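Single-structure report; data block below.
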Amino acid sequence: MQLLVTVILTLWVSSARGQVNPCEFPEIKHGLLYREDKYRSYFPAPIKQWFYYSCDENYVTPTEDFWHYVTCTQDGWTPEVPCRKHCDMPVFENATAIITGKPFRPDDTLDYQCLDGYENRDGSKKGSMVCGEDGWSHLPTCFKSADKCGPPPAISNGDITSVTLKVYYPWSTVKYQCQAYYQIQGPKYVTCSYGKWSEVPRCIDPCVLSEKIMKEKNIQLNGKYDKTYFIKSGNSIDFKCKSGRKAVTSVESFQALCLEGKMEYPTCK
Ligand SMILES: *[C@@H]1O[C@H](CO)[C@@H](O)[C@H](O)[C@H]1NC(C)=O
């Protein structure tokens, strides 16, 4: 019985001791503890102990001041967010604020409306910003409705790498790709600007290897090509004479270059 009491007492004392100085040195995000170097040895601090601190430029204390104090409590330092970004009246572009006239406090909202002929990305004309720890949650991004683009142009033997949408916002970009063996020529990335898509690429035809021509010209593929029937424009392919045959064309041209679907075959006799 006595042992149990001792154990309980010990536990109680040690847990109570843990509570005496519960606050480690406070790291003030976007601010500084007053005379931090002098006070550094004071930690962990006991409950109710408080220290002055200041906030960096453009950051304010919960009372909208530059100076305040953090106090040690059972649950740590309070205020929990000592410095938060000051929310100024933003400069609006393409939108106007629906003004209340009050200075902005933490968690206040500011509603705005896009100008006539402008809209948000979701097609709405109104929005709401929140003054958070890091300042405004976002700024209005209203753009001219006329600057939207429709679906990007279709190209032959190629397509875009993303799902086609009905509407694209200004400065949206899509990527084009060509079907297998087609060579892309021109810009892969295409951008919507002022209601128009920039120049689109072209897909250049590959060469189709013809067994018939190879037979007529007494040639075969030189080297290991596994079932290559298509050659991309700009690539070449090696031929050689069939055994017992002699080259008629010059040796260099036994490496045939495919250009836009056309290729000169060498000849053997
Ligand atoms: C204002 O609108 C123009 C035209 O749509 C656009 O280029 C610009 O990025 C817009 N500004 C903002 C902040 O959204």
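Coordinate-derived values only; no laboratory data. All of these numbers come straight from a predicted model, not from anything done at the bench. Because the Cβ atoms are built from the backbone with ideal geometry, glycine has one as well, and the counts that use them run over all protein chains shown.
Express the Stokes-Einstein translational diffusion coefficient of region 55-175 in µm² s⁻¹, to the nearest whole number, given a Kirkwood radius over alpha-carbon pairs, 37 °C and a viscosity of 0.692 mPa s.
Calculated translational D: 185 µm²/s.
Compute the angle between helix 2-20 and the longest alpha-carbon principal axis of the chain, please, reported from 0 to 90 degrees and rounded to the nearest 10.
70
Relative contact order of the chain: what whole-number percent is it, with Cα pairs under 8 angstrom and at least 6 residues apart? If you can, show how the numbers build up before the last one.
Numbers: 522 pairs, mean separation 25.2, N = 269.
Computed over the chain, the figure is 9 percent.
Straight-line reach from Lys242: which aspartates and glutamates have Cα under 15 Å away, leaving out those fewer than 8 places along the same chain?
Glu211, Glu216
Give me the net charge of Ala154's neighbourhood, meaning all other residues with Cβ under 15 Å from the Cβ of Ala154; Lys, Arg count +1, Asp, Glu -1.
That works out to +1.
At q = 0.09, 0.12 Å⁻¹, what is the log10 ratio I(q)/I(0) for the chain, with the Debye formula run over Cα points and no solvent?
Normalising to I(0) and taking log10 leaves -0.74, -0.91.
Would you list, by chain and number, the lysines whose Cα falls below 19 Å from the Cα of Lys102, excluding same-chain residues fewer than 8 positions away?
Qualifying lysines at Cα under 19 Å: Lys85.
Could you please tell me the mean projected area of the C-alpha convex hull for region 95-144, averaged over all directions and given in square nanometres to one decimal? Working shown, then result.
Values: hull surface 13.8 nm².
Computed as one quarter of the Cα hull surface, the answer is 3.5 nm².
Return a whole-number percent for the relative contact order of region 95-144, with Cα pairs under 8 Å and 6 or more residues apart as the contact set.
Working: 83 pairs, mean separation 17.9, N = 50.
Relative contact order comes out at 36 percent.
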